[in-house]
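Before any comments, here is the structure.
The values are calculated or read from the model by the stated rules, or taken from the named source; none is laboratory data. Note that the structure is a prediction, hence the values are computed from the model and not measured. Don't worry about glycine lacking a Cβ; one is built from the backbone with ideal geometry, like all the others, and counts go over all protein chains shown. The protein model used for the area step is the full one, side chains on, heavy atoms only, and it has no ligands, DNA or RNA in it. Shrake-Rupley method; radii C 1.70, N 1.55, O 1.52, S 1.80 Å.
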Amino acid sequence: MLIDSHCHLNYKGLIEDQANVLIRARERGVGLMLNIATRESEWDAVLDTAVREPDVWATVGIHPHEADEHPHVDTAKLVERAAHPRVVGIGETGLDYYYDHSDRERQQKSFQSHIAACRETGLPLIVHTREAEEDTLRIMREEMEKGAYSGVIHCFTASGAFADGAMELGFYISISGIVTFKSAKDLQDTAARLPIDRLLVETDSPFLAPVPHRGKSCEPAFVADTAQFLANLRGESMEELAAATSANFRTLFAKVA
């Protein structure tokens, strides 16, 4: 069984045909999917999908792009919504200095609020970071000193040094279809050496379709293509990689039944 540890089933490109998207994922051996929230206005829809579909789970969070528009979403609001039995993680959150769609200080404050919610709920953090390695790792370290929390760096594209720093804090590293791109040599080098007990796989669908689906809307079924590429890259069998990444997911997202 494979687990897509990060997808957006309620985004345009998937929501229009969501029932068939789920069928295709199941047909390719995807046993669980984590449906990720990025803004408050979609929390209900993301959660409704998880309530309706027994193999779909949900998160609550505010993407760094949306931080400026959500100053009212504090730790208390996240904790309140995370009490639902189908919500198993906090995020996605983090820092994105590539686009800078939100003020950097506001992104950082939002990130810290999410981490505090993780400590309070015991749920893991889903971290987005782009062109913000130094501040992301600094905040993670500073917050860890206030009290332990767990999490994953999703859609990993950062440096090997950042991966090492995150894993030192106990974090998992999730690999998306980007690893299959010809231009992703540095990412491939890092992915090849990651400890198998710290590895997750994802699609981030409907974005970043892996080879051989480039140019298409990505969907959870395609996590099988990423996993196969990753297994070949690492010299492991598909069965070994699927079993390990699924076990890792269940260890991190312990609320999943």
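Residues are listed down the side, and each one gets a yes or a no for (1) of a type in the set (A, V, I, L, M); (2) free of Cβ contacts under 8 Å to residues at least 12 places away in the same chain; (3) touching a Lys or Arg at 6+ places or on another chain (Cβ under 9 Å):
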site	(1), (2), (3)
Ile90	yes, no, no
Asp96	no, no, yes
Gln107	no, no, no
Asp135	no, no, yes
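Exactly one of these conditions fails for His63: (1) without any contact (Cβ under 8 Å) to a residue 12 or more places away in the chain; (2) within 17 Å of Pro124 (Cβ to Cβ). Give me its number.
(1)
Being in contact (Cβ under 8 Å) with a residue 40 or more places away in the chain and assigned to a helix (DSSP H, G or I) is the filter here, so list the residues in segment 140-187 that pass it. Explain how you work it out, then say what you get.
Looking only at segment 140-187, we keep the residues that are in contact (Cβ under 8 Å) with a residue 40 or more places away in the chain, and these are 150-152, 154-155, 171-172, 174-177, 179-180.
Result: Gly177, Val179, Thr180.
Taking into account only those residues within segment 26-47 that are among the polar types (S, T, N, Q) and not in a helix (DSSP H, G or I), which is nearest to Phe253 (Cα to Cα)?
In the first step, residues of segment 26-47 are kept if they are among the polar types (S, T, N, Q); the result is 35, 38, 41.
Subset that is not in a helix (DSSP H, G or I): 35, 38.
Numbers: Asn35: 13, Thr38: 18 Å.
Here the residue is Asn35.
With the requirement that a residue be closer than 17 Å to Ser110 by Cα, open to solvent by less than 80 Å² (accessible area, probe 1.4 Å) and not in a strand (DSSP E or B), what does segment 120-139 give you?
Listed by number, the residues that qualify are Thr121, Leu123, Pro124, Ala132, Glu133, Asp135, Thr136, Leu137, Ile139.
Exactly one condition in (1) closer than 21 Å to Pro210 by Cα; (2) open to solvent by 10 Å² or more (accessible area, probe 1.4 Å) is false for Ile173; which is it?
Unmet for Ile173, out of (1) closer than 21 Å to Pro210 by Cα; (2) open to solvent by 10 Å² or more (accessible area, probe 1.4 Å): (2).
Looking at segment 203-217, is at least one residue in a loop (DSSP other than H, G, I, E, B), touching a His at 6+ places or on another chain (Cβ under 6 Å) and open to solvent by less than 10 Å² (accessible area, probe 1.4 Å)?
Filtering segment 203-217 for residues in a loop (DSSP other than H, G, I, E, B) gives 203-217.
Of the ones still in play, those that are also touching a His at 6+ places or on another chain (Cβ under 6 Å) are 204.
Keeping just the survivors that are open to solvent by less than 10 Å² (accessible area, probe 1.4 Å) gives none.
Scanning segment 203-217, I find no residue that is in a loop (DSSP other than H, G, I, E, B), touching a His at 6+ places or on another chain (Cβ under 6 Å) and open to solvent by less than 10 Å² (accessible area, probe 1.4 Å), so the answer is no.
Report whether or not Val211 is in contact (Cβ under 8 Å) with a residue 24 or more places away in the chain and under 15 Å from the mean Cα position of the chain (by Cα).
On the way: in contact (Cβ under 8 Å) with a residue 24 or more places away in the chain: yes; under 15 Å from the mean Cα position of the chain (by Cα): no.
In short, no.
Taking segment 28-50 as the search range and keeping residues that are within 16 Å of Val256 (Cβ to Cβ) and touching a Pro at 6+ places or on another chain (Cβ under 9 Å), which one is surrounded by the most Cβ atoms within 10 Å (Cβ to Cβ)?
The residue in question is Met33.
Show the residue pairs meeting these rules: Cβ distance below 6 Å; 6+ apart or different chains; first residue within segment 1-25 and in a strand (DSSP E or B); second residue surrounded by 20 or more Cβ atoms within 10 Å (Cβ to Cβ) and of a type in the set (Asp, Glu).
As it stands, the answer is Asp4/Glu202; Ser5/Glu202; His6/Glu202; His6/Asp204, since those pairs meet every condition given.
Select from segment 89-106 the residues that are in contact with a Phe, Trp or Tyr (Cβ under 8 Å, 6 or more places away or on another chain) and either on the phi > 0 side of the Ramachandran plot or crowded, with 21+ Cβ neighbours inside 10 Å (or both) and list them in ascending order.
Filtering segment 89-106 down to residues in contact with a Phe, Trp or Tyr (Cβ under 8 Å, 6 or more places away or on another chain) leaves 89, 93-95, 104.
Selection gives Gly89, Thr93, Gly94, Leu95.
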